[in-house]
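A.B. asks: Before I ask anything, here is the structure I am working with.
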Amino acid sequence: DAGVIQSPRHEVTEMGQEVTLRCKPISGHNSLFWYRQTMMRGLELLIYFNNNVPIDDSGMPEDRFSAKMPNASFSTLKIQPSEPRDSAVYFCASSGQGWTDTQYFGPGTRLTVL
Amino acid sequence: AQKVTQAQTEISVVEKEDVTLDCVYETRDTTYYLFWYKQPPSGELVFLIRRNSFDEQNEISGRYSWNFQKSTSSFNFTITASQVVDSAVYFCALSEAVTGANNLFFGTGTRLTVIP
C-alpha cells in the first residue's frame, strides 16, 4: 500500500508568490494533518481534518495560510503571499479516525522562499 | 508547559555501543499514547512504536527496545549495538484522550550520531 504522498518535494519561490503544497493521504485514512518543521520551532501542527472537515486550524500562523480537503484523497496547503520566514519543511500525515491511531507521515516538502 | 521533554539534544556513540534516548512526558490524562519517530538524514518521519498508557510492558524489536515507566513519566528508547544507519533525529511524541483526534505533541528531538 502506498504511503502518504506529497508534492512537490522541493519548492523554491520568491517572496510574494503563491505556493501550493499537495498531499494524498493513505487510502482509508480519515484524518489528515499538516505540520511545519523549522529549526527554531521544531514540529508544529498547523491544521487537521477529520472526514474532510477542518477540525482545528489554531496552528495556522496567519491569514496567508489556508488549507483545503475537497475529498478524502487530496488536500492542499496554500501560502499567499509567501514570505522568507515561511521557509520550512512541511509534512502531511494521515491516520485512521480514532484518536488512538498512529499518524503516518509523508516525505515532506522543503519550501524555500527567497 | 512542555508536554514532551527530550533533554538530550545530541548524542554521539561509536558503532556497536548501546545508547539510550530519554523521553519524559507530562499529562493529566489517564488515557494517552506515546510514540517514537525516526527522522533520518533524508528527512522523512518514520514511525517506530506506539504504546498506550495502560500497557507498561517493555517492548523489544530487534536491536530496539522501549522502557515505559508511568511512575517516572518516562518512555525511553534504547538501541543495542548501534549502527551507522541508526544515525538520525529521534522524536518522542504524546497524544492524549482529552484533546481527542490524535493531536501529537512532539519533543524537540535527539540527534544521534553513530561513528564508524
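The values are calculated or read from the model by the stated rules, or taken from the named source; none is laboratory data. Being a predicted model, the structure only gives us computed values, none of them experimental. Cβ: placed from backbone, ideal geometry, glycine included. Neighbour counts: every protein chain shown. The accessibility values were calculated without ligands, DNA or RNA, using every heavy atom of the protein model including side chains. Shrake-Rupley method; radii C 1.70, N 1.55, O 1.52, S 1.80 Å.
A.B. asks: For a quick check: with amide H placed at 1.01 Å from N, whose amide H comes under 5 Å from residue B:27's, ignoring anything fewer than 5 positions away on the same chain?
C.D. replies: Correct list: empty.
A.B. asks: Another question, if that's okay. Please turn the phi angles of the range A:60-68 into ³J(HN,Hα) values with the Karplus equation 6.51 cos²θ - 1.76 cosθ + 1.60 (θ = phi - 60°), one per residue in order, whole Hz, x for glycine and proline.
C.D. replies: 3J(HN,Hα) across the range A:60-68, in whole Hz: 5, x, 6, 5, 5, 9, 9, 9, 9.
A.B. asks: If you don't mind, there's one more thing I want to ask. Using a Cα distance threshold of under 18 Å, what count of lysine pairs results for the protein assembly as shown when pairs must be 8 or more residues apart or interchain? Could you put the intermediate results ahead of the total?
C.D. replies: Values: A:24/A:68; A:24/A:78; A:68/A:78; B:3/B:70.
Taking the protein assembly as shown as the scope, the lysine pair count is 4.
A.B. asks: Follow-up question, since we're still on this one. Compute the Kirkwood hydrodynamic radius of the protein assembly as shown, taking the inverse of the mean of 1/r over all pairs of distinct Cα atoms, and give it in Å to one decimal.
C.D. replies: Numbers: mean 1/r = 0.0546 Å⁻¹.
That comes to 18.3 Å for the protein assembly as shown.
A.B. asks: While we're looking at this one, here's another question. In Å and whole numbers, how far do the C-alpha atoms of chain B stretch along each principal axis, longest first?
C.D. replies: The principal-axis extents, from largest down, are 44, 27, 21 Å.
A.B. asks: What are the ³J(HN,Hα) values, in whole Hz, obtained from phi via the Karplus relation 6.51 cos²θ - 1.76 cosθ + 1.60 with θ = phi - 60°, for each residue of the range B:58-70 in sequence order, with x given for Gly and Pro?
C.D. replies: 5, 10, 10, 9, x, 8, 9, 8, 10, 10, 9, 10, 5
A.B. asks: Let me ask you something else. Kindly compute the accessible surface that chains A and B hide from a 1.4 Å probe when together, both sides summed, and give it to the nearest 100 Å². Let's see the in-between values first.
C.D. replies: Details: alone 6390 and 6410 Å², together 11120 Å².
Buried: approximately 1700 Å² between B and A.
A.B. asks: Between the range B:39-75 and the range A:11-88, what's the alpha-carbon centroid distance in Å?
C.D. replies: 27
A.B. asks: Next question, about the same structure. In square nanometres, what is one fourth of the surface area of the convex hull spanned by the alpha carbons of chain A? Intermediate values should be presented prior to the final figure.
C.D. replies: Working: hull surface 26.2 nm².
The Cα convex hull of chain A, projected and averaged over all directions, gives 6.6 nm².
A.B. asks: Moving on. Hey, what do the phi angles of the range A:48-58 turn into as Karplus ³J(HN,Hα) couplings, whole Hz, using 6.51/-1.76/1.60 and θ = phi - 60°, x for Gly and Pro?
C.D. replies: Here the 3J(HN,Hα) series is 9, 10, 10, 6, 6, 9, x, 9, 8, 10, 5 Hz.
A.B. asks: On average, how much accessible surface per residue is there in the range B:33-116, in Å², for a 1.4 Å probe, leaving out ligands, DNA and RNA? Working shown, then result.
C.D. replies: On the way: 3500 Å² over 84 residues.
In whole numbers, the range B:33-116 has 42 Å² accessible per residue.
A.B. asks: Counting only DSSP beta bridges with both residues in chain B, tell me the antiparallel percent, nearest 5. Numbers along the way, then the final one.
C.D. replies: Details: 34 of 39 bridges.
Counting DSSP beta bridges with both partners in chain B, the antiparallel share is about 85 percent.
A.B. asks: Further question on the same structure: Quickly work out the residue A:78-to-residue B:29 label distance, labels modelled 7 Å from Cα along the C-beta direction, and quote it in nm with one decimal.
C.D. replies: A separation of 3.2 nm, rounded to one decimal place.
A.B. asks: Counting only protein heavy atoms and using a 1.4 Å probe, what share of the accessible area of chain A belongs to carbon plus sulfur, as a whole percent?
C.D. replies: Details: 2720 of 5540 Å².
The value for chain A is 49 percent carbon and sulfur by accessible area.
A.B. asks: Additional query: Summing Lys, Arg as +1 and Asp, Glu as -1, what charge do residues with Cβ under 9 Å from the Cβ of residue A:47 carry, residue A:47 excluded?
C.D. replies: On the way: positive: none; negative: A:56, A:57.
Once all neighbours under 9 Å are counted, the net charge is -2.
A.B. asks: Okay, next question. Whose amide H sits under 5 Å from the amide H of residue B:21, counting only residues 5 or more places off or on another chain, with H placed in the peptide plane?
C.D. replies: B:77, B:78, B:79
A.B. asks: Oh, and also: Any idea of the accessible area per residue across chain A, 1.4 Å probe, to the nearest Å²?
C.D. replies: On the way: 5540 Å² over 114 residues.
Per residue, chain A has an accessible area of 49 Å².
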